[in-house]
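**Q** Handing you a structure now.
Read-outs throughout are calculated quantities, based only on the coordinates presented, and are distinct from any laboratory measurement. Note that the structure is a prediction, hence the values are computed from the model and not measured. Cβ placement follows ideal geometry from the backbone for every residue including glycine, while neighbour counts extend to all protein chains displayed.
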Amino acid sequence: MNDYLEKVLDETAKKNETQPEFLQAVHEVLTSIEPVIAQHDEYENIALLERMIEPERVILFRVPWINDAGKVIVNRGYRVQYNSLLGPYKGGLRFHPSVNLSIMKFLGFEQIFKNALTGLPIGGAKGGSDFDPKGKSDNEIMRFCQSFMTELYRHIGQDVDVPAGDIGVGGREIGYLFGQYKRIRNAYEGGVLTGKDVVYGGSLARKEATGYGLMFFMREMLGAHNICLMGKTVTISGSGNVAIYACEKAQSMGAKVVAMSDSNGCIYDENGIDLDCVKEIKEVNRGRIKEYLECHQNAKYIEKSGIENPVWTIKTDIALPCATQNELIIEDAKNLVANGVIAVGEGANMPCSEEATKYLQEHKVLVAPAKASNAGGVATSAIEMSQNSMRFYHTFEEVEAKLDTIMTNIFKACKEASDEFGLNDNYVAGANIAAFKKLAQAMKAQGIV
Ligand code: NDP
């Protein structure tokens, strides 16, 4: 390995030894950009990698709130303002009990590269809390969001840092956060948050964007290998925002989605998933995926137990991990390959472990990397920001067409970078290289900051 790269990886590992997800994300990026680093001896003198790896700022704060029983609960809030090279910090908020600094930093680090790939003027950030929204009443969610924003507001702004949703943060939470921000600031800064409801400044097609974008990327990737989506079988993990709209677009492209999941287990419907039923369970009733069996007795439910993810044991042409990080590990990759999978499209952030990705690629499975394939959400958030600045709305069709063009261009950038360095359609490395080159150019231009 290149000496400079090795030194930086060692130092990063020593400094962050309690942050496994962050180290995994850094390792994956750094090892794949080696051919570029090898061409640029000057990077070491300006500590380019060290500066890219260290967040510009990490904010950690207390979030006290009162539950319906009158008890005071204290959660921990985070905002990692990672990198503002290309524009205001931009990235989602995650509310999930697993949230910690390692997860926030890995997501923030990934976000810098993803945002660079979109070609839009946005820097990288991530935030959230270890608050668990599951089972909470609407009032509890509102009180939590208001307390969270009462601290966060001083760190964000439409030209400073623009949060959005992620796991556990959807339209409802963004609404409560926006309301509190507006109240504290006494100003209608529409572009301070994205993922807003369309009635007060949100963009049409933002809700659909990550899932739809994933399928646009998948269409391009398969097309480059003369494979058509029509008639292909698809399995999807998760049944949240990304999973639901990936399913919707896959179905409209003529593919047959046969499985979806949540953290308890997965449903398998050989007739094809009834998405209206899933939306009713998840978007309206906030229920469990198992409830699908109540309207589809022919479907099967497989409970999650043990190390394997049941959704990856189902035979499929295309697998779309759309739930969370490291949800597709080596055992799952082996199951998918044994069942003849053609392509894996990452809808979630870092859903495949490094070992699983390597195994899939060694077995000629096409892998669409998250940084590129799920960039449609943040790209459409940037389109939402521009609409807010213009005080103007695009139609659904206009936003979707822009999203399609962006995803098509992202695939092209990944392919060109892979081709340039002779990487045999390694789009994971291609995405990292294409984004890194852009960021490195901006870093050199902006001096030592
Ligand atoms: P949601 O909260 O809407 O849905 C998450 C889904 O994943 C749920 O079905 C949830 O099941 C499942 N899930 C979450 N954590 C786990 C876990 N530890 N094990 C198994 N299943 C789990 O989130 P999103 O759809 O918004 O996000 C999903 C992924 O996509 C995340 O990795 C996110 O970072 C990424 N992403 C999201 C974007 C967006 O625009 N929303 C943009 C780009 C990336 P359960 O309900 O049982 O917890």
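**Q** What number, in percent, do you get for the relative contact order of region 198-342 if the mean sequence gap of Cα pairs under 8 Å and at least 6 apart is divided by its residue count? Let's see the in-between values first.
**A** Values: 243 pairs, mean separation 32.9, N = 145.
Worked out over region 198-342, it gives 23 percent.
**Q** Something else about it: Return a whole-number percent for the relative contact order of the chain, with Cα pairs under 8 Å and 6 or more residues apart as the contact set. Mind dumping the intermediate values first?
**A** Numbers: 910 pairs, mean separation 66.9, N = 449.
Reported relative contact order: 15 percent.
**Q** Taking only Cα atoms and a 10 Å spring cutoff, compute GNM fluctuations for the chain and point out the largest among GLY87, GLY202, GLY135.
**A** Highest fluctuation of the listed residues: GLY135.
**Q** Let me ask you something else. Can you give the FRET efficiency for THR31 and ASP132, using 1/(1 + (r/R0)^6), R0 = 35 Å, r = Cβ-Cβ distance, to the nearest 0.05? If you can, show how the numbers build up before the last one.
**A** On the way: r = 34 Å, r/R0 = 0.98.
Between THR31 and ASP132 the formula returns 0.55.
**Q** First check a/c for the chain, with a ≥ b ≥ c the square roots of the eigenvalues of its C-alpha gyration tensor; if it is under 1.5, answer rounded, and if not, answer prolate when a/b is larger than b/c or oblate otherwise.
**A** Here the chain falls in the rounded category.
**Q** Please state the shape class of region 68-202: rounded when a/c is under 1.5, otherwise prolate if a/b exceeds b/c and oblate if not, all from the C-alpha gyration tensor.
**A** Cα axes put region 68-202 in the oblate bin.
**Q** Filter the trypsin sites (Lys or Arg not before Pro) in region 58-126 down to the DSSP loop ones having no more than 11 other Cβ atoms within 10 Å, then list what survives.
**A** LYS71
**Q** Taking region 188-279, how much of its Cα-Cα pair set, in percent, is spaced more than 18 angstrom apart? Present the calculation step by step, with values, prior to reporting the outcome.
**A** Details: 2110 of 4186 pairs.
Summing the P(r) tail past 18 Å for region 188-279 gives 50 percent.
**Q** Using a Förster distance of 45 angstrom, determine the FRET efficiency expected from the C-beta separation of ARG76 and GLN446, and round it to 0.05. Write out the running numbers ahead of the final one.
**A** Values: r = 32 Å, r/R0 = 0.72.
FRET efficiency, ARG76 to GLN446: 0.90.
**Q** Quick check: the distance between the Cα centres of region 154-178 and region 124-143, to the nearest angstrom?
**A** Answer, in whole Å: 11.
**Q** From the P(r) of region 1-82, can you give the percent of Cα pairs sitting at distances over 19 Å? It would help to have the intermediate numbers written out before the result.
**A** Values: 1711 of 3321 pairs.
When all Cα pairs of region 1-82 are counted, 52 percent exceed 19 Å.
**Q** Shifting gears a bit: Just the Cα atoms of region 255-388, one point each, no solvent: what log10 I(q)/I(0) does Debye give at q = 0.16, 0.19 Å⁻¹?
**A** -0.86, -1.12
**Q** Would you order HIS296, HIS155, HIS225 from fewest to most other beta-carbon atoms within 10 Å of each residue's own beta-carbon?
**A** HIS225, HIS296, HIS155
**Q** Residue separation times 0.36 nm, minus the C-alpha to C-alpha distance between ARG288 and GLU54: what's the value?
**A** Here the segment from ARG288 to GLU54 would lengthen by 80.4 nm.
**Q** Build a GNM of the chain with springs between Cα atoms under 10 Å: which of LEU117, LEU48, LEU229 gets the top mean-square fluctuation?
**A** LEU48
**Q** Let me ask something else about it. Please state the shape class of region 364-449: rounded when a/c is under 1.5, otherwise prolate if a/b exceeds b/c and oblate if not, all from the C-alpha gyration tensor.
**A** Note, shape of region 364-449 comes out oblate.
**Q** Another question, if that's okay. For region 366-449, which chymotrypsin sites (Phe, Trp or Tyr not before Pro) are in a loop by DSSP, counting at most 14 other Cβ atoms within 10 Å?
**A** When the chymotrypsin sites (Phe, Trp or Tyr not before Pro) of region 366-449 are filtered for loop state and at most 14 Cβ neighbours within 10 Å, PHE392 remain.
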